[in-house]
Each structure stands twice: as C-alpha cells, then as structure tokens.
C-alpha cells in the first residue's frame, strides 16, 4: 500500500516536475525570506497574508538553505505517503476492517492530491492535517482521556495554521465534542481542548500583535478571497458566461500595494464584498450555488482556450473518476449496514459540512476540497463492497434460460 503510494507519486512528480519550479501563492518566497533575512514576510516587512505552517515546514526541511524544487518534491512525497498510511488507520477506526487498504489506495491515487503534490501549495499538507485531526477526534471521542483531548486541540490548531478554513471546523467540533456522551465533566473536556488549541495559535497571535497591533489568529487574506467571489464584475460574468467559460481574475481587484497596509487592504476587501452582497442578494445567492458547484465539480475547468486535446482527455478522465466515486458513495449509503451508522464517521461529515459552508461564501474551486479526500475515499469503500456483493449474488449469477 505504501509502496504503491510512493511509486505513483514519484511518477507524477517526474512527469509534472515543472510545477515545483513555480510559486503561485508565494509560499516558497516566504520560506526563502526566512532563510535569508529571518523574517516571515518580504525583506524586513513582516506579513500575515498567508498561514505560516507550510512555509515554516519548508524552511525546516530545507535546513535553512534556499528551497529547491527537489526539496519540495521529497517533502510532498513524504506528506503523501503519510496521508495514505493515516487514511488506513482512520479506516480501521471507522470500522472498515480488512477493507481499509482499499480506502488508503483510493487516497493514494486521488487525482486532486496527485496534481497538487506537484504544486508549491498547501493542499498536500492540509490533507494530512485533516486525516490526523479525524484520527485524534476518533480517539478522543472513544477513549476520553485528557491527553487525547489536548492532542486533538493541538492538531486542530496546526490545521488552522495550515488552512484558515479549518477554523470553521473547530466551531462545529467544539459543541459536538463537549456534548459527546462521556463519563468525564464536559467543562473539563472543553478546557483540555482549548488548552491544546490555544497553545498552538497563541504564538502566531502574539507575533501578529507585535507586528500589526492586532492578535490575528487567521490571516489578512480572507477579505481578498471573499471579494474575489463577490464583486460586480464576477456577478456580471456569471450572468453572461457561456458553457465551459472560465473567469479571468486578472485586474478585477485593486492591487494590495495601493492600500496603506495589508490590514487596511483586508478590511477594504471585506467591506466591498459585503456591500456587493447586500446590494445584489439574488446574484450573491446564485454565486453561492456556482461556488458550491465548483467545489464539488467532477471535471476541472480548462486552463487554456483553445484547449489542447490531451488536456481535454485528461480533464474528462478525472471527471469519470469522480463520477464513479460519487456514484459509489451514494450506492454505499443505501446499505442499512453501512459503517457510518456505528462509528465516529460524524467527524468526517462535519468536516465536509464546514468546508462546504466556508466555500459557499469564499472563492472556491476543486482543489479546495483536497482535505476532504480521505473522507470521500472511506465513504466509497462500502459502495464498492455493495457492488461486488451484488455481482456475486446468486440472483446475478443465475443462468438465463
């Protein structure tokens, strides 16, 4: 299983190695600046525009040296293999038994994860954070020991420092964790979880207080992503677009260098986005549906126009994969003996709900559902089992006369 994960990721990294030389979200630039200047930012100017965990790990795995594509590739390879292994143990915890290896293999060859492993972006790390969070929550819910609850808070804190959208998940986890049937005092559970969670987020908040005068526990990027999906230009595009047409975001929003500071830029974007939503509620509601469709889409949007034939074939192959995944999930849920009814699957369903709610408002595309991949893979396995059982049933195998 792990050997399969290594082999397929090495092959993907070899064929798409060019992606590792790019830095679309400037994470490698942040890590390189840490190496050269010792500041999380640009030059001597600190920033909170991006979450810190991924660039910090790039800095540590490079041993303080400039980040090379080879270094990123090996780092992503290790993250991917760890995600596959943790998915296996999560499947065991979620009562999939000897079918757990199948769930892990589905995670290992997921198209989104494979593609994002060739990009200097957070999806690979965020997926590992998600599956480790689910493992910790399952253990905290079942065992109920203080160390498990504290560890759960620590891991969820790290996940939030990787992708701030996990903060929405924390808002759902806390009431469920506290109200979960347990022998221990509920307030004690809340205190233990909060201790671990705050222990991780406190340094980032204190650092931002010192640098910006505000204890920012997320980032200053939220206003941009909210406005990106909620502005008059985008709404107009949605009203007039043709089937398959993608929106070019270039030049839509003012450059951040036009603002007095990145905090002012964040506030300005938030105000403009909410004003647009209030002024055009019907278009805002339609945009929410479009973003949900983008998040859960079967087929990636085209990157070029006109699109080369080989890229079109690749896109529709991915679409076939996810059509099969979704179909098998629905088929499995029809089974009254589905493991979802007898284990801690609710933590995975809450993760799906929270990320869907976030990207209903904020900018969205397929890659942003990467942290949900282990949950979807595990939900697929009962559907595969139901299909095989149906084919092997006496009724199916009966000869036609």
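Here are the numbers for the structure shown:
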quantity: Selected residue [within 22 Å of residue 380 (Cα to Cα) and in the same structural domain as residue 16 (by TED's automatic domain parsing)] from 156, 125, 161, 134; calculated: 134
quantity: Qualifying position, being surrounded by 15 or more Cβ atoms within 10 Å (Cβ to Cβ), assigned by TED's automatic domain parsing to the domain that holds residue 150, touching a helix residue (DSSP H, G or I) at 6+ places or on another chain (Cβ under 8 Å) and within 30 Å of residue 137 (Cβ to Cβ), among 226, 190, 195; calculated: 190
quantity: Any hit, region 263-279, residues being in contact with a helix residue (DSSP H, G or I) (Cβ under 7 Å, 6 or more places away or on another chain), within 24 Å of residue 353 (Cβ to Cβ), assigned by TED's automatic domain parsing to the domain that holds residue 24 and touching a residue at least 24 places away in the same chain (Cβ under 8 Å); calculated: no
quantity: Hits in region 209-233 - residues which are in a helix (DSSP H, G or I) and either within 24 Å of the chain's Cα centre (by Cα) or without any contact (Cβ under 8 Å) to a residue 24 or more places away in the chain (or both); calculated: 209, 210, 222, 223, 224, 225, 226, 227, 228, 233
quantity: Count of region 38-57 residues which are within 19 Å of residue 20 (Cβ to Cβ) and either surrounded by fewer than 19 Cβ atoms within 10 Å (Cβ to Cβ) or without any contact (Cβ under 8 Å) to a residue 40 or more places away in the chain (or both); calculated: 3
quantity: Conditions (1) surrounded by 14 or more Cβ atoms within 10 Å (Cβ to Cβ); (2) in contact (Cβ under 8 Å) with a residue 40 or more places away in the chain; number of the one not met by residue 252; calculated: (2)
quantity: Qualifying residue in region 77-94 (condition: part of a loop (DSSP other than H, G, I, E, B) and over 24 Å from residue 157 (Cα atoms)); calculated: no
quantity: Candidates 298, 303, filtered to the one that is in a loop (DSSP other than H, G, I, E, B), within 30 Å of residue 42 (Cβ to Cβ) and either touching a residue at least 24 places away in the same chain (Cβ under 8 Å) or assigned by TED's automatic domain parsing to the domain that holds residue 123 (or both); calculated: 303
quantity: Filter result for residue 191 (within 25 Å of the chain's Cα centre (by Cα) and in a helix (DSSP H, G or I)); calculated: no
quantity: Only listed residue being in a helix (DSSP H, G or I) and farther than 30 Å from residue 109 by Cβ, chosen from 314, 272, 324; calculated: 272
quantity: Any hit, region 80-100, residues being farther than 30 Å from residue 189 by Cβ and more than 17 Å from the chain's Cα centre (by Cα); calculated: yes
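The values are calculated or read from the model by the stated rules, or taken from the named source; none is laboratory data. Note that the structure is predicted; figures quoted are calculated from it, not measured. Virtual Cβ from ideal backbone geometry, glycine too; neighbours counted across all protein chains shown.
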